[in-house]
Amino acid sequence: MLMIPGPTPVPEKVLLAMAKHPIGHRSGDFSKIIAELTANLKWLHQTQNDVLMLTASGTGAMEAGIINFLSPGDRVLVGNNGKFGERWGKVSKAFGLVVEEITAEWGKALDPEEFRAKLTADTEKTIKAVILTHSETSTGVLNDLAAINQAVKEHGEALIIVDAVTSLGAVSIPIDELGLDVVGSGSQKGYMIPPGLAFVSVSAKAWKAYESAKCPRFYLDLKKYKKATDEDSSPFTPPINLMYGLQAALQMMQAEGLENIFARHQRHTEATRAAMKALGLPLFAPDNAASPAITAVAPLTVDAEQIRSTMRKKFDVALAGGQDHLKGKIFRIGHLGFVCDRDILSCVGALESTLQSLGYSDVQPGAGIAAAAKVFAN
Ligand SMILES: *Cc1c(COP(=O)(O)O)cnc(C)c1O
């Protein structure tokens with residue numbers, strides 16, 4: 001039972017859809033699939049912008065989203081309050097961008113006012129982009145995308161480039177309403193399909209920036225993908241079977257409806273957090289900045305890695321650990337994508353037993369389950 005923030009569980013419908021011979025990617029039949037996928041991806045992204053599919057993991061989508069619209073020497077503001085924010089700074093530097101980081105302690109949200117201060121002071125309009133991780137998977141923190149975006153819009157010139165890898169399909173991101181320029185995501189997260197496909201949405205303003213952007217690129221040159229997508233095609237051989245899976249997954253999402261999907265993630269977040277509080281386990285992210293995809297927990301007296309290994313051995317539940325300095329300090333419960341209420345109850349129950357077997361004396365057997373069950377009863 002995968003309760004990690006990616007790869008996430010895959011429905012049987014999707015697995016079966018992939019269990020077929022690939023067809024030719026230049027065939028009329030495949031064009032029809034691309035046309036359907038593109039229309040449904042726009043629905044999921046709540047946008048009329050281009051949504052392009054790449055054969056890559058989420059990092060590929062973000063790298064493409066950065067290098068297609070910027071030039072070496074360009075000044076960019078990068079939000080860094082965890083492993084992924086840190087990564088976008090590294091990618092930017094690798095391509096010669098001049099990076100200014102806005103940081104927050106791991107486990108805290110980025111302060112939109114710090115973005116606003118930098119952007120307001122930039123009267124010469126030298127800041128070309130703001131790069132931001134929406135749901136910081138390494139800590140379970142959801143950054144305030146709307147507020148930071150507001151500051152970017154007041155600046156007027158800078159693009160906003162968003163890592164939505166663990167927020168797209170979990171919480172509403174109205175791309176057109178907010179005017180988000182570039183939004184990257186990956187198949188093994190909210191999409192309910194295995195790893196290997198990445199997605200990037202691109203606004204008209206970003207395409208304008210593309211015209212003068214000079215970062216080197218070839219395989220990730222997004223104009224190639226746009227040109228092909230406009231003709232219901234792909235520039236290179238795409239992962240055909242994953243796209244069968246995506247077709248099934250997007251149909252499932254449409255049957256459930258966006259509002260229901262977001263409500264389910266919200267409910268799972270609330271139930272998980274309520275259960276941890278009832279068990280006396282400190283949450284790593286504050287209530288007002290809780291990721292809809294992942295809950296990070298910082299147990300006080302038991303090593304988080306011990307909890308993970310017991311959960312794995314006794315209950316076959318895979319939880320994620322802490323990264324870097326948080327290894328052993330936190331464990332993370334993924335509730336992203338194909339997860340139902342019953343999965344949360346099973347996970348909390350397994351965790352209660354695990355804590356008891358590890359001698360975690362504060363735990364009150366049943367308290368976590370009761371708290372989660374109460375959320376589901378409402
Ligand atoms: C998983 C993830 C990514 C992408 O990682 P890949 O391993 O390249 O798919 C990017 N950002 C966040 C926030 C993620 O959770």
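The values are calculated or read from the model by the stated rules, or taken from the named source; none is laboratory data. Only a predicted model underlies this, so the values are computations on that prediction, with no experimental measurement involved. Cβ sites come from the backbone with ideal geometry, for glycine too, and all protein chains shown count toward neighbours. Just the protein is used for accessible areas: all its heavy atoms, side chains included, with ligands, DNA and RNA removed. Shrake-Rupley method; radii C 1.70, N 1.55, O 1.52, S 1.80 Å.
For residue 353 and residue 305, the difference between the fully extended length at 0.36 nm per residue and the C-alpha to C-alpha distance is 15.7 nm. Rounded to the nearest 0.05, the FRET efficiency derived from the C-beta distance between residue 123 and residue 55 at R0 = 41 Å is 0.45.
A P(r) calculated from all alpha carbon pairs of the chain, with 20 Å bins opening at zero, reads 29, 55, 15, 0 percent. For the range 258-377, the relative contact order works out to 33 percent when only alpha carbon pairs closer than 8 Å and six or more residues apart are counted.
Rounded to the nearest 20 debye, the dipole magnitude of the range 174-321 is 420 debye, with +1 charges on Lys and Arg beta carbons, -1 on Asp and Glu beta carbons, and the Cα centre as origin. A simple charge model with +1 on the Cβ of Lys and Arg, -1 on the Cβ of Asp and Glu and nothing else charged puts the dipole of the chain at about 760 debye relative to its Cα centre.
Calculated accessible area for the range 86-129 comes out at 53 Å² per residue, all protein chains present (probe 1.4 Å; ligands, DNA, RNA ignored). Solvent exposure of the range 1-70, expressed per residue, is 41 Å² of accessible area, with all protein chains present and a 1.4 angstrom probe. List residues of the range 79-113, by number, whose backbone nitrogen lies under 17 Å from a label position 7 Å along Cα→C-beta of residue 217. Under cut-off, by backbone N: 88-98.
Projecting the Cα positions of 354, 24, 172 onto the charge dipole of the chain (unit charges on Cβ atoms of Lys, Arg, Asp and Glu, taken about the Cα centre) puts 24 furthest along the positive direction.
Here the label points at residue 287 and residue 340, each 7 Å from Cα along the C-beta direction, are separated by 3.0 nm in the simple model. For a paramagnetic label modelled on residue 259 (point 7 Å from Cα along Cα→Cβ), amide N atoms under 19 Å away belong, within the range 37-55, to 43-47. The 1.4 Å probe gives accessible areas that order 115, 338, largest first, as 338, 115. Averaging the Cα positions of each part gives two centres, and for the range 49-111 and the range 303-326 these lie 29 Å apart. Between residue 325 and residue 378, full extension at 0.36 nm per residue minus the direct alpha carbon distance yields a gain of 15.3 nm.
To the nearest 0.05, what FRET efficiency results for residue 21 and residue 230 with a Förster distance of 30 Å applied to their C-beta separation?
Rounded to the nearest 0.05, the efficiency is 0.60.
Normalised by the number of residues in the range 11-255, the average gap of Cα pairs under 8 Å and 6 or more apart makes the relative contact order 31 percent. Note on the chain: with a GNM built from Cα contacts shorter than 10 Å, the maximum mean-square fluctuation among 158, 94, 64 falls on 94. With 22 Å as the limit, the listed pairs 128/223; 153/205; 277/329; 32/227; 93/226; 128/205 have 93/226 beyond it between alpha carbons.
The portion of the accessible surface of the range 258-377 made up by carbon and sulfur, rounded to a whole percent, is 51 (1.4 Å probe; DNA, RNA and ligands excluded). Shape descriptor for the range 258-377: Rg over Rh equals 0.94 (Cα atoms; Rh from the Kirkwood inverse mean 1/r). Running a GNM on the chain with Cα contacts under 10 Å, which residue among 255, 35, 228 ends up with the highest mean-square fluctuation? Ranking 255, 35, 228 by mean-square fluctuation puts 255 first.
The range 22-45 and the range 227-277 have Cα centres spaced 15 Å apart.
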